[in-house]
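Here is the structure we will look at.
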Amino acid sequence: MCVKENVEKINANIVQACKRSNRNPEEITIIGVTKYVTIERTKETLAAGVTNIGENRTEGFLEKYRHIEKQANWHFIGTLQSRKTRDVVNKVTAIHSLDRLSLAKEIQKRAEKTVDCFIQVNISGETSKHGIQPDQVHSFLHKLETFNKIRVIGLMTMAPYTNDEQEIRGVFSDLRMLRDEIIAENLSYAPCKYLSMGMSNDYEIAIEEGATHIRLGSKLVGP
């Protein structure tokens with residue numbers, strides 16, 4: 001399966017989803033999730049025009065970074081262990097999984113410049129998923145005020161893996177409303193403009209509900 005052809009199909013779907021929701025396709029950033037594919041396949045993804053690459057394991061990220069480095073804008077999208085923060089924090093464009101104060105402290109300690117972060121929120125309440133509970137996001141956010149190396153640019157979540165479209169839509173809608181509440185606070189350290197939500201099975205719904213960053217693996221790079 002050719003990544004370039006996949007990109008063309010995905011872009012066409014993005015255009016249609018944006019039409020349905022009265023949005024501009026230029027608002028959508030595709031993050032190519034390459035955690036299960038080779039370095040060569042990752043390079044093919046870059047050549048197809050997807051320059052934002054997402055990895056969720058430190059070891060896999062570092063291996064690809066050694067070969068590709070600054071050809072890509074790197075996004076760390078998985079759970080980041082505090083002890084491995086030093087290996088990641090100065091190499092990435094954004095961290096999508098800020099979910100605890102101990103990690104924030106490590107980012108603050110290790111970062112050489114301000115790091116863009118998404119707060120990961122467990123909207124669905126599933127025990128198998130990481131993230132802060134929605135009712136704890138505001139208090140967590142206010143604790144970050146003194147962390148001058150962290151800029152909260154948005155929120156991230158994952159919907160349940162289900163065929164129930166209304167359940168999926170509800171998760172994405174709830175994240176958008178929480179994001180809007182934060183924007184209304186007008187916090188200088190947390191502009192919180194973006195929503196990282198939607199994967200291969202539900203990205204069109206996510207776009208309709210306000211996603212700005214969609215994380216695509218199998219539909220983009222293959223299984």
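Coordinate-derived values only; no laboratory data. Model, not experiment: these values are computed from the prediction. Using ideal geometry, Cβ is built from the backbone for each residue, glycine included, and neighbour counts are taken over all protein chains shown.
Sequentially through the range 207-214, phi angles give Karplus couplings (6.51, -1.76, 1.60; θ = phi - 60°) of 4, 4, 9, x, 4, 10, 10, 10 Hz, Gly and Pro residues having no value and appearing as x. Springs between Cα atoms under 10 Å define the GNM used for the chain, and in it the highest mean-square fluctuation of T114, T212, T51 occurs at T114. Sorted fewest first by neighbouring Cβ atoms within 10 angstrom, I68, I123, I95, I14 come out as I68, I14, I123, I95.
The rule of thumb for compact globular proteins, 2.2 N^0.38 Å, goes into the C-alpha radius of gyration of the range 139-204 1.27 times. Taking amide H atoms as placed 1.01 Å from N in the peptide plane, the amide H of L98 lies under 5 Å from those of F118, Q120, each 5 or more residues away in sequence or on another chain. The 3J(HN,Hα) values that the Karplus relation (6.51, -1.76, 1.60; θ = phi - 60°) gives for the range 128-138 are, in residue order, 7, 9, 7, x, 7, 5, x, 6, 9, 5, 4 Hz. Gly and Pro appear as x. Diffusion of the range 112-223 by Stokes-Einstein, at 20 °C in a medium of 1.002 mPa s and with Rh set to the Kirkwood radius over alpha-carbon pairs, works out to 148 µm²/s.
Per-residue Cβ neighbour counts within 10 Å put Y189, Y203, Y36 in the sequence Y36, Y189, Y203, beginning with the fewest. Per-residue Karplus couplings for the range 84-90, computed as 6.51 cos²θ - 1.76 cosθ + 1.60 with θ equal to phi - 60°, are listed in order as 9, 4, 4, 7, 10, 4, 9 Hz, Gly and Pro entered as x. Taking other C-beta atoms within 10 Å as the exposure proxy, H96, H142 rank H142, H96 from fewest upward. Taking 0.36 nm per residue of separation and subtracting the Cα-Cα distance, full extension of the segment from A12 to K105 would add 29.4 nm.
Excluding same-chain residues fewer than 8 positions from K113, which lysines have a Cα within less than 24 Å of its Cα? Counting by Cα, and skipping residues close in sequence, K113 has these lysines nearby: K64, K70, K84, K91, K105, K143, K149, K193.
In terms of its C-alpha gyration tensor, the chain has an oblate overall shape, because the principal axis ratio a/c (a ≥ b ≥ c, square roots of the eigenvalues) is not below 1.5 and a/b does not outweigh b/c. Taking a quarter of the surface of the Cα convex hull of the range 38-79 gives a mean projected area of 2.6 nm². Over the range 112-154, with a single point scatterer placed on each C-alpha, what log10 of the ratio I(q)/I(0) does the Debye formula yield at q = 0.18, 0.29 1/Å? After summing over all Cα pairs, the log10 values are -0.57, -1.03. Around the amide H of G54, modelled in the peptide plane, lie the amide H atoms of G32, V33, T34, H75, all under 5 Å away and 5 or more residues distant in sequence or on another chain.
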